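The values are calculated or read from the model by the stated rules, or taken from the named source; none is laboratory data. Keep in mind that what you see is a predicted model, and the values were worked out from it rather than measured. Neighbour counts run over all protein chains shown; Cβ positions are idealised from the backbone, glycine included. Heavy atoms of the whole protein, side chains included, go into the accessibility calculation; ligands, DNA and RNA do not. Shrake-Rupley method; radii C 1.70, N 1.55, O 1.52, S 1.80 Å.
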Amino acid sequence: MDESERLWRFAEDIYARPGVEAACLKLQARYGLSISLLLAAVWSGLEGRGRLGVSSAEGAIRRGQEWDREVIAPLRALRRHLKLHPPRDLADDNHELRKQLIAAELRAEAIEQKLFLQDLPADLPAAAESERWRDAAWNAGVVVRRKCPTCDPEAVSAIARILCEACDELGNETATQEVRRVWP
């Protein structure tokens, strides 16, 4: 399994854990955040890929956000439109089309993660294995901070929830404190 497949499986696993979907959707709705990009940033820290600096993260995050804005968001908008405004008397066709759009949206999110990995600098300093959760917390905060420049308690809480599910034995208070460090 290559690196992008491992990342995608990580993202699917974490997203399915208790409270993570709700936390992710809150960040997406409130800040227009790309969840696949956020989970890629968490994964990169946990995998020992290092801690993103504001400048080193710029390229990896920018191309992912462009892809999200230009490809993923329109697919999502169309899917949501069809849910709210289905064509009369074509429920089966509408349902099938929405399923195809969901599949296309998920495929586009996997591509977004590949773009992130391609642009992720290879020489970032990484924490010791037992402290990689700190890099994951930092990376998540850096991604969210681009869309949420002030330290919003709801954003911090959502990131902490994701981290607690991604990192065994990480407590919410510790995760929250670490995430807050990202904002000046």
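Some points to look at:
- At an R0 of 41 angstrom, the distance between the Cβ atoms of residue 172 and residue 97 translates into a FRET efficiency of 0.50.
- Per residue value of the accessible surface for the chain (all protein chains in place, 1.4 Å probe), Å²: 53
- For the chain, the longest principal axis of the Cα atoms and the long axis of helix 20-31 meet at an angle of about 80 degrees.
- Degrees separating the helix 91-119 axis from the principal Cα axis of the chain, which is the longest one: 30
- FRET E, pair residue 131, residue 26, Förster distance 22 Å, beta-carbon r, rounded to 0.05: 0.20
- With all protein chains modelled, accessible area of residue 130 [1.4 Å, Å²]: 90
- Where trypsin sites (Lys or Arg not before Pro) in DSSP loops with at most 14 other Cβ within 10 Å are excluded, longest remaining stretch of the chain: 89-180
- Pairwise alpha-carbon distances in the range 102-184 exceed 20 Å for 43% of all pairs.
- Phi-based couplings in Hz for the range 162-175 (Karplus 6.51, -1.76, 1.60; Gly and Pro marked x): 4, 5, 4, 7, 7, 10, 4, 6, 8, x, 4, 5, 5, 4
- Rounded percent of accessible protein surface that carbon and sulfur make up, the chain, 1.4 Å probe: 50
- Using θ = phi - 60° and Karplus 6.51 cos²θ - 1.76 cosθ + 1.60, couplings along the range 41-47 (whole Hz; Gly, Pro as x): 5, 4, 4, 4, x, 5, 7
- Taking Cα atoms only, the orientation of helix 3-15 departs from the longest principal axis of the chain by about 80 degrees.
- Point-charge dipole on Cβ atoms (K/R +1, D/E -1) for the range 52-184, about Cα centre, debye to 20: 500
- Relative contact order (%) - the chain, alpha-carbon pairs under 8 angstrom, separation at least six: 34
- Charge-dipole axis of the range 37-115 as Lys and Arg at +1 and Asp and Glu at -1 on Cβ define it, positive-most pick from 102, 85, 44: 44
- Note on the range 1-58: with charges restricted to the Cβ of Lys and Arg (+1) and Asp and Glu (-1), its dipole about the Cα centre is near 280 debye.
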